[in-house]
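Working notes, structure below.
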Amino acid sequence: MPSRKGFALVTSLILLAVLMALLTAYFTLSQIENTSTRSTADQTAGFYAAEAGLNLRAEELRARFLGYNRPSGTAPGATNPCTGSNQGSGDFACRTYTVGGRRVVTYVVEQAGNPQSVRIPPGELYQNLNAQEYRYSVFSRAIGPQNRPEAILEMVFKSRLVPMFQFAAFYNKDLEILPGPSMELAGPVHSNGDLYLDAGTGLSIRGQVTTAGQLFHGRKNKNECAGRPVSVIDPANLRPLPVCSGRTLIPQNALSSWNGMIQTGVDPVTVPSPEELDPQAGKTYWDKADLRLGLDLSGTLPTVRVYQASGLPDASLTAALNLCPGGIGGKAVGYTATFPNRRESRTRGQDIRIKMLEVDMQALLNCIHLQGLLGLGKGLDDSSEGGLVFHLTVFGPNSSGINDYGVRIRNAAKLEATASSAPAIRGLTVITDQALYVQGDYNATNKKPAALIADSLNLLSNAWNSANELSMSPQGTNQPVASDTAVYAAFLGGTDKTGNVEGAAGQDRDNYNGGLENYPRFHENWNGKTLTYRGSFVSLGEPRHVNGRWDRQVYTPPNRDWGFDTDFNDAARLPPLSPRFVYLRQERFIRQFEQ
């Protein structure tokens, strides 16, 4: 019996030891598993935090490119970056964010050889367009609660700057192309909103079509579709969109037959804001202009002055300007308040007369050559921005809001000076933050790279007679008769919202904005007359200083001989200071598992 009891005791002790070993192993494994789970969770959270850091720095770099800026500075050294004094500088310096309770340290390295002039390869978004391409590496390190690196990431990406005047039409909003007569667009089309295509007779687009929103065959203002052929290149042949009876949504999975030439739901691209047109220091177009003219309405008499980049008048250059003869009351520039704009009538029969800065373009070019208006030794053949850049504006009590101000250009059929020994200009971009009126042919002879950038764009024919403006009635009963006119220049201006709302919420609410076919505003009876236009249509938003709806104006539309200016496919033939959009293309994504 004692031996059996001893055996039982020994057995119990062995079993107890085994049980304790099993329990110890269980707790050890549980601890390892919990530690592993926590470590995995920390690494996952750190990865996403570090990835957020990459995206934040990349977006900051993209934003720097707006307004013709370029990131600058120095990256930290490769050994122990972002420690001690090794912080770098400017846009490439070390920067710390807090993401999800983690400290994320980032910095940027610029690749050698920036920038490169490239043509975007076939098959890619915005294929065949010219771009300036910059390459960067962004590094991001997530530091966890225990002050240990949880994730170390690197992203190599390209920042591409694409001139918008390479598009037949580029809208930073909904775009509606609904022509009555046949229309052919020989260049790319892009919308940062929804795109509506329809035609009374036929519409052909011989370029890539991209939209950040949805594609509809039919109208926005009504649930209608004319059912006429609307075709897009595929890229070998024109291929019609599916037949429609009412407004029809065309999803991306129905567009494979176009081989990438129609893409919907693309990322919206970053564009300059309309405020960049404002006449003040720090705004791109004002700062970079070669000549700044302003009509000042604040005094007893309206006065035209030359302005410095600081915003102050330049008395000596203004005196020189006043010596220049021309067709505006004997001067190169002047003031009128006779133009009747029926579209801007707020009530029926209201007589709206536009307070105009008037410019005789040929006389102004002569004046620049003879009086040295550009200063700093610049001449008409200046090439600092690819050619000449003029900013024309109106300073008055309502300049920043809805108003009855405008700038009119005339005598600009040939963009050159007639003065002896005057050099030829390389190109000309005219900018105003107010409404722009172009009277007669523009750049139609000996064509130069040219652009007209304004709050809104109004075209007057060669037959417009300024002397008869005062006799015109606000009701439009004596509508002037137009004559054939030609304009060769890229357009950038504001356009109205159909239904007063962008996107699907604006559908079926009438209040049509006129579509691309009514982008320029008309004021005459163009019946049987032809407007010949070669250029590019760009709209970055609504007009900020005029609010007259399309259906208020009094006019008869012209025969539209309109087309994309294919010269803009050559980067050397783009207008001076062409506006650009920016988009990023990721090249490599690298995760380092060991520091």
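Rounded, prolate or oblate, given the Cα gyration tensor of the stretch 94-194, with a/c below 1.5 counting as rounded? Since a/c reaches 1.5 and a/b is larger than b/c, the shape of the stretch 94-194 is classed as prolate. Probing with 1.4 Å while keeping every protein chain in the model, the per residue accessible area of the chain equals 43 Å².
The charge dipole of the chain, taken about the Cα centre with unit charges on the Cβ atoms of Lys, Arg (+1) and Asp, Glu (-1), comes to about 1060 debye, rounded to the nearest 20. Look at the alpha carbon pairs under 8 Å that are at least 6 residues apart: their mean separation over the length of the chain gives a relative contact order of 14 percent. Close amide-amide hydrogen proximity is noted between residue 263 and 209, 210, 211, each under 5 Å apart and 5 or more residues distant or on a separate chain (H modeled in the peptide plane; Pro and chain starts excluded).
When the helices of the chain are scored as -39500 (n - 2.57) per DSSP H run of n ≥ 4 and the total is divided over every residue, the value at 222 nm lands at -5000 deg cm²/dmol. When nucleic acids and ligands are ignored and a 1.4 Å probe is applied, residue 316 ends up with an accessible area of around 80 Å². Under 5 Å between amide hydrogens, built in the peptide plane, is the criterion, and for residue 525 it picks out 481, 482, 556 among residues at least 5 positions away or on other chains. Taking Lys and Arg as +1 and Asp and Glu as -1, the other residues whose beta-carbon sits under 10 Å from that of residue 259 total 0. Using the Karplus relation 6.51 cos²θ - 1.76 cosθ + 1.60 with θ = phi - 60°, the per-residue 3J(HN,Hα) values for the stretch 435-447 come to 5, 10, 10, 10, 9, x, 3, 10, 6, 8, 10, 6, 3 Hz, with x marking Gly and Pro.
Which of these values of mean projected area of the Cα convex hull in nm² was calculated from the structure shown: (i) 38.9; (ii) 40.2; (iii) 27.3? Structure-derived value, by its label: (ii). The spacing between the stretch 91-153 and the stretch 353-398, judged by their C-alpha centroids, is 41 Å. Applying the Karplus relation 6.51 cos²θ - 1.76 cosθ + 1.60 with θ = phi - 60° to the stretch 483-494 yields 3J(HN,Hα) values of 9, 4, 9, 10, 10, 10, 6, 6, 10, 9, x, x Hz, where x marks Gly and Pro. Solvent-accessible surface (1.4 Å probe) assigned to residue 472 amounts to roughly 20 Å².
Quick check: from the Cα gyration tensor, does the stretch 170-271 come out rounded (a/c under 1.5), prolate or oblate? Display every interim value, and only then the final one.
Numbers: a/c = 1.38, a/b = 1.16, b/c = 1.19.
In terms of gyration-tensor shape, rounded.
The aspartates and glutamates whose alpha-carbon is closer than 12 Å to the alpha-carbon of residue 414, local same-chain residues fewer than 8 away aside, are 360, 441. Residues whose amide H comes within less than 5 Å of that of residue 232, counting only those at least five positions distant or on another chain, are 205, 239, 241 (H built at 1.01 Å from N in the peptide plane).
Residues in the stretch 91-96 carry Karplus couplings, in order, of 6, 9, 5, 4, 9, 10 Hz; the curve used is 6.51 cos²θ - 1.76 cosθ + 1.60 with θ = phi - 60°, and Gly or Pro positions show x.
Around residue 94, what is the net charge, scoring Lys/Arg as +1 and Asp/Glu as -1 over all other residues with Cβ under 11 Å from its Cβ? With Lys, Arg at +1 and Asp, Glu at -1, the neighbours total +3. Using a probe of 1.4 Å, the accessible surface attributed to residue 307 totals some 20 Å² when neighbouring protein chains are kept in position.
For the stretch 462-572, what does the alpha-carbon gyration tensor say about shape, rounded, prolate or oblate, given a ≥ b ≥ c as the root eigenvalues, a/c under 1.5 as rounded, and a/b over b/c as prolate?
Working: a/c = 2.00, a/b = 1.09, b/c = 1.84.
Oblate, because a/c is 1.5 or more while a/b does not exceed b/c.
If you average the C-alpha positions of the stretch 429-499 and of the stretch 202-270 separately, how far apart do those two centres end up, in angstrom? The two parts, judged by their Cα centres, are 31 Å apart.
The values are calculated or read from the model by the stated rules, or taken from the named source; none is laboratory data. As the structure is a computational prediction, the values presented were derived from the model and not from experiment. Glycine gets a Cβ as well: all are built from the backbone with ideal geometry, and neighbour counts include every protein chain shown. Note: accessible area is taken over every heavy atom of the protein model, side chains too, but ligands, DNA and RNA are not part of it. Shrake-Rupley method; radii C 1.70, N 1.55, O 1.52, S 1.80 Å.
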